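Working notes for the structure below.
The values are calculated or read from the model by the stated rules, or taken from the named source; none is laboratory data. Worth saying up front: this structure is predicted, and the values here are computed from it rather than measured. Virtual Cβ from ideal backbone geometry, glycine too; neighbours counted across all protein chains shown. Accessible surface is based on the protein model in full, side chains and every heavy atom, while ligands, DNA and RNA are left aside. Shrake-Rupley method; radii C 1.70, N 1.55, O 1.52, S 1.80 Å.
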Amino acid sequence: MAQSLGFDGRLVLPGDADWEDARVGRVFNGRRPDRQPDAVLIAGSVEDVQRGVRLANEKGWTVAVRSGGHSWAAWSVREGGLLIDLGALREMSYDEETRVVTANPAVKGGDELSPFLEQRGRFFNGGHCPSVGLGGFLLQGGQGWNQRGWGWAAESVVAVDVVTADGELVRADETQNSDLYWAARGSGPAFPGVVVRFHLATRPLFGFLGHTVHGYELEDFAEVMAWLYEAHHRISTDVEIVAVSTPIPLPDGTEKRAFLITGLAMVDDEETARAALAPFNECPAIDRAIFVQDCAASTLAEQRGQQTLQNPEHWQYITDNAWIDCDNTPDGIARTVEHLRPLFTTNPTDKGFAIWMSNAPMRDLPDMAFSLQTEAYVASYTVYEDAAEFPRNREWLTEAMAYAQPVTAGQYLGDSDMTHRQLRFMAPENWARLREIIAARDPQGRFHRYLAKDHDSLNVNHWLAEVADVAAA
Ligand SMILES: Cc1cc2nc3c(=O)[nH]c(=O)nc-3n(C[C@H](O)[C@H](O)[C@H](O)COP(=O)(O)OP(=O)(O)OC[C@H]3O[C@@H](n4cnc5c(N)ncnc54)[C@H](O)[C@@H]3O)c2cc1C
């Protein structure tokens, strides 16, 4: 039976009627792991999180955390120990003077925080899918709306409230517990504590959202992608630039896969948006486009709706990603585009998709754990309902990512699964500092760290680790 044991929430144990729901019910990906924690604490308050960590200390349990449940690889579900589920804590408050919003980590960036701020004329660049939780998203860097122009969402974290390994509640910011503040912006699932509140700088809500979308046949992928590689540096940084391989609806009710290039201008007015999006009309293949939508007026609600359609909840997903290196010469672009081609043109699942996201022009990052990026990010997703498809889809993604390896610099934690493929995700010096912080803050290893197949070669592109293994043999 679920127990209260002095908790404001509940402690759910294996054998309880709602055990399965507590263990994996809030995991977005329908591809659920078998891993079994010893207990799940549905925290009813911040004090519960402190009580949970102290209970884990007494019992010698490890602690895993769940905020929004959107980790593709279900990082919150670990073998043994206590899972602290923060899903019931969803408070938000806004300070008119500082323009800082405070929110619990399970608050959904799009569904909850964005409308709350819109009513106040403010905006925070949370994750694209509206139901992504702030917790995991911000801890790993946070590729939010127009990250290209406005920076990683973690750059807007001004402070975090953290329950530490001994169950204390502390504030971490530039001036106090600054090691935790540094780690909270990029360490992802290795953060040595439980964040219970984020304090986030907001920006003014833009006045106009203009959306350009060109749909192209897959045969035109190489030409259009090469053009985008050449053009993305000169498009205004108020425009989020994404290329997507995705199914599109046809008039007869069927769907077919197409290659879309999109620009979302988040600006003051329509005139500015039209000017910012005008370069898309220079695409040399535009006359062959299946459709062209030029700077259509859009809303955040519409954008959120499109993201929800693209990512159906509880379907089965296998995902992988890469930071892509390209030398921006015509030959370099052609080579890069060829290495990306299978990811964008051969996805074996009807609903599967791939995204290429511009991160150019590159900006220096503030001093924080998140520290690896290149001018373009690619992620690929197989999306299916029948678990029997897993082997085929896994094999396809493995091969397509391997084909992209010659232009791969590393990975973003957000779309990664290190039980399958390990890549660099952080600058080496940041990785060294993060390990020191973890060792000092959590010497007993109370909190779970990266869920990886090989902990000795973390933050190394696996092909380099393999070469080292062969050399050592
Ligand atoms: C449909 C979909 C769309 C996505 N879109 C984007 C996107 O646009 N941009 C982007 O950057 N990412 C995106 N992601 C990836 C997503 O940001 C990551 O999976 C992120 O980890 C999800 O955060 P969460 O809190 O919902 O996940 P959870 O699964 O709850 O958390 C993941 C892990 O983070 C750690 N963690 C979470 N909260 C805390 C906490 N409070 N304290 C300490 N550790 C914690 C834990 O290790 C936890 O297991 C998307 C994922 C999905 C499923």
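So here's what we get for this one:
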read-out	value
Cα shape, region 201-262, gyration tensor, a/c 1.5 rule	oblate
Among Ala190, Phe221, Ser245 - extreme Cα towards positive end, dipole of the chain, charges at beta-carbon	Ala190
Label point at Ala432 placed 7 Å out along Cα→Cβ; residues across region 352-369 whose backbone nitrogen lies under 19 Å	367-369
Charged-residue dipole, Cβ positions (Lys, Arg, Asp, Glu), region 92-204 about Cα centre, Debye nearest 20	400
Nonlocal amide H pairs with Arg257, under 5 Å, H built at 1.01 Å	Ile248
Label-point separation, Asp294 to Glu47 (7 Å along Cα→Cβ), nm	6.3
Shape category assigned to region 92-204 from the gyration tensor of Cα positions, a/c cut at 1.5	prolate
Solvent-accessible surface (1.4 angstrom probe) belonging to Glu219, in square angstrom, nearest 10	150
Region 108-154, relative contact order [Cα under 8 Å, separation at least 6], %	36
Solvent exposure, largest accessible area first (probe 1.4 Å, DNA, RNA and ligands not counted), of Arg23, Arg304, Arg435	Arg435, Arg304, Arg23
Estimated FRET transfer efficiency (Arg171, Glu97; beta-carbon r; R0 25 Å; 0.05)	0.85
Region 92-204 - percent relative contact order, Cα under 8 Å, separation 6 or more	30
Environment charge at Ala360 (Cβ cut-off 10 Å; Lys +1, Arg +1, Asp -1, Glu -1)	+2
Size of charge dipole - the chain - debye, nearest 20, with Cβ of Lys, Arg +1 and Asp, Glu -1, no other charges	900
Integer Hz, Karplus 6.51/-1.76/1.60 couplings in order for region 410-419, x for Gly and Pro	x, 9, 9, 4, x, 10, 9, 9, 7, 6
Percentage relative contact order, the chain, counting C-alpha pairs under 8 Å, at least six apart	14
Estimated FRET transfer efficiency (His233, Gln307; beta-carbon r; R0 30 Å; 0.05)	0.70
Heavy-atom accessible area order for Glu271, Glu79, largest first, 1.4 Å probe	Glu271, Glu79
Anchor Lys256: lysines whose Cα lies under 21 Å away (excluding residues fewer than 8 positions away in-chain)	Lys351
Cα-based reach from Lys453 at 12 Å (exclusive), listing aspartates and glutamates while leaving out same-chain residues under 8 positions away	Asp417
Ordering of 95-104, 177-186 by burial proxy (mean other Cβ atoms within 10 Å per residue, highest first)	177-186, 95-104
